[in-house]
1. May I ask you to verify whether residue B:3 is within 28 Å of residue A:228 (Cα to Cα) and either buried (at least 24 other Cβ atoms within 10 Å of the Cβ) or at pLDDT below 95 (or both)?
2. Keeping to the stretch A:301-348, report how many residues are open to solvent by 40 Å² or more (accessible area, probe 1.4 Å) and small (Gly, Ala, Ser).
3. Among all residue pairs at least 6 apart or on different chains, which show Cβ distances below 7 Å where the first residue, located in the stretch A:21-49, is modelled with pLDDT of 95 or more and the second is of a type in the set (S, T, N, Q) and open to solvent by 10 Å² or more (accessible area, probe 1.4 Å)?
4. Tally time: how many residues in the stretch A:65-88 are away from chain B (no Cβ under 11 Å), surrounded by fewer than 24 Cβ atoms within 10 Å (Cβ to Cβ) and among the acidic types (Asp, Glu)?
5. All but one of (1) more than 10 Å from chain B (Cβ to nearest Cβ); (2) at pLDDT below 95; (3) in a loop (DSSP other than H, G, I, E, B) hold for residue A:14; which doesn't?
6. For the stretch A:147-177, how many residues are of a type in the set (Gly, Ala, Ser) and surrounded by 24 or more Cβ atoms within 10 Å (Cβ to Cβ)?
7. Looking at (1) within 14 Å of another protein chain (Cβ to nearest Cβ); (2) surrounded by 24 or more Cβ atoms within 10 Å (Cβ to Cβ); (3) under 22 Å from residue A:7 (Cα atoms); (4) of a type in the set (A, V, I, L, M, F, W, C), which is the only condition residue A:144 fails?
Amino acid sequence: MGMTITEKILAAHAGKKQEAMSQVFPGELIEADLDFILGNDITAPIAISEFESVEKEKGRELDVFDKERVALVPDHFTPNKDVKSAEQCKILRDFSRKKNIKYYFKIGEMGVEHALLPEKGLVLPGDCIIGADSHTCTYGALGAFSTGVGSTDLAAAMIRGKAWFKIPETIKFVYNGTLNKWVCGKDLILYTIGDIGVDGALYKSMEFCGDVISGLEMHDRFTICNMAIEAGGKNGIIEPDKKTLDYVKNIAKRDYKIYKSDLDAKYADIREYDMSKIKPQVSLPHLPSNTKPASDVDNIQIDQVVIGSCTNGRLRDLEIAAEVLKGHKIHQYVRLIILPATQKIYADAMKKGLFDIFLESGGIISTPTCGPCLGGHMGVLAEGERCVSTTNRNFVGRMGHVKSEVYLASPAVAAASAIKGRITDPEEIKIK
Amino acid sequence: MKFKGKTWKYKDNVNTDEIIPARYLNTSDPKELAEHCMEDIDASFAKEIEKDDIIVAQENFGCGSSREHAPISIKEAGVSCIIANSFARIFYRNSINIGLPILECKEAVKDADKGDILEVDLSAGTILNLTKNKSYKSTPFPQFIQELISAGGLMKWVSKTLPPVKGD
């Protein structure tokens, strides 16, 4: 019987590659070898403390399973926002030093983890990856099995290099048609979550394919896989093609392997979408599934716009925002915060002149951080304030006060909304 | 393992930002986290929770981020177990890994109201609603998960598998 790409990667990592019967089945529990693992300044301190509690119990020091396959990225509350976060970040730094962990990224080198690790060639096609961060599913865009876990899973993986998984069923999402102007990966995934709901893919793998996906560049593919978790998905995945290989060929730090789904692979469901019918989307408060075309949203006044994050903080996202903002001033009562997701994206955006456009429009540019996405710092909302954000969650109180509101959208919709001071379809903006 | 406690009932899709808002994630101290547990959807929870109380929720409990602070804050608050129609998968893993019992049982969820006294027998997988005088059977965990739980969580299990001295 045929297997999906997710099943093939998990089978290979469960030590089944040498056997003639190399099959895994949905529902089966396996223990898989991990190619790469990561944690951040919120999740790693707990993992480190768990790691150290095992050392204490055993009465000896333990090494991490592989010093070149662990990344610790302090990106959520960095640059350290207060004494408590400084102490959390210090735990990562001290542990990395003590254990000689190669991929610890301080500010100046760091970036938002899910933009940073692909950019550094640390996560690759065919990999089996866990990260103590829910958006670890992002790397599925490279044709890897990658999923978010908690701190204890990370601690166990740092010791053993393994994790337990239940083989998920897979839902296949097929996108056909031609994308309308301004419609991008973000609109595609918001629309999909709107269609299936925030638990529509619970415990399942989401495999994205079709002509539209083949035509999308890597930044859009990362955005799509990044939000698989918002539909409850275990992982999001896109089969590697020429674009994937072009992306990784000069940056890969290790060998990698291409897997593809068999034609007779079994799917729990197959859903098809005609993207020609989809317009730029917005997810209204307080669930990512609460989607609507931006043009159908009534006059909703906004106070802040955030463009950045592991979902939409890549160079192309910033270029699209700049295309909309060029020659315009943002609304008098709107704050525009732009966060290039990594140090490299920051430098590239500056070299390309994007910063001039952002600054002239009235926006500000922040150093890379997850900050405002989770109401951490660098743009927290007051009671009653509304924010259009290119991030991934619009839960109650997500970006600040419990009575604030978050509207999720693409960089183009976010930029257009910043100009008009209300939720706006980019079609309304004169491109200069 | 048996627990008896009163019900705290919640809706579908209770997310990790509601269980423990990110503004408190600059610490991983369980006590401090427990003080803010459920704060944004139920300010009375952290104040009035009693040891062994039980959270009952509908679909997709614990959706959102991977923060283990969510099950940690619930466990530290004194909750003995969570019964829901379904759990978000990272929350499910995290709860098992830290030894916070969770059960899936639609019928028990449907009938339970806030304040009902429930009695849960974890090894038998049975739930009694003593207020309504009804009993239910929950979906059993797979074998491997039961092993993790009986070992006392993932790290205890990992520790057991490690040799006491390097090279052994």
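1. Values: within 28 Å of residue A:228 (Cα to Cα): no; either buried (at least 24 other Cβ atoms within 10 Å of the Cβ) or at pLDDT below 95 (or both): yes.
When the stated conditions are applied, residue B:3 does not pass them.
2. Counting residues in the stretch A:301-348 that are open to solvent by 40 Å² or more (accessible area, probe 1.4 Å) and small (Gly, Ala, Ser) gives 1.
3. Taking only residues 6 or more apart or on different chains, the pairs are A:41/A:88; A:45/A:88; A:45/B:28; A:46/B:28.
4. Matching residues across the stretch A:65-88 total 2.
5. Evaluating residue A:14 over (1) more than 10 Å from chain B (Cβ to nearest Cβ); (2) at pLDDT below 95; (3) in a loop (DSSP other than H, G, I, E, B) leaves (3) as the failure.
6. 6
7. (1)
Here's the yes/no breakdown for (1) touching a Cys at 6+ places or on another chain (Cβ under 6 Å); (2) under 18 Å from residue A:311 (Cα atoms); (3) among the acidic types (Asp, Glu):
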position	(1), (2), (3)
A:108	no, no, no
A:111	no, yes, no
A:114	yes, yes, no
A:118	no, yes, no
A:125	no, no, no
A:135	yes, yes, no
A:139	no, yes, no
A:143	no, yes, no
A:151	no, no, no
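The values are calculated or read from the model by the stated rules, or taken from the named source; none is laboratory data. The structure displayed is predicted, hence computed values, not measured ones. Counting neighbours? That spans all protein chains shown, and the Cβs are built from the backbone with ideal geometry, glycine included. Keep in mind that these areas ignore ligands, DNA and RNA; they rest on the heavy atoms of the full protein, side chains included. Shrake-Rupley method; radii C 1.70, N 1.55, O 1.52, S 1.80 Å.
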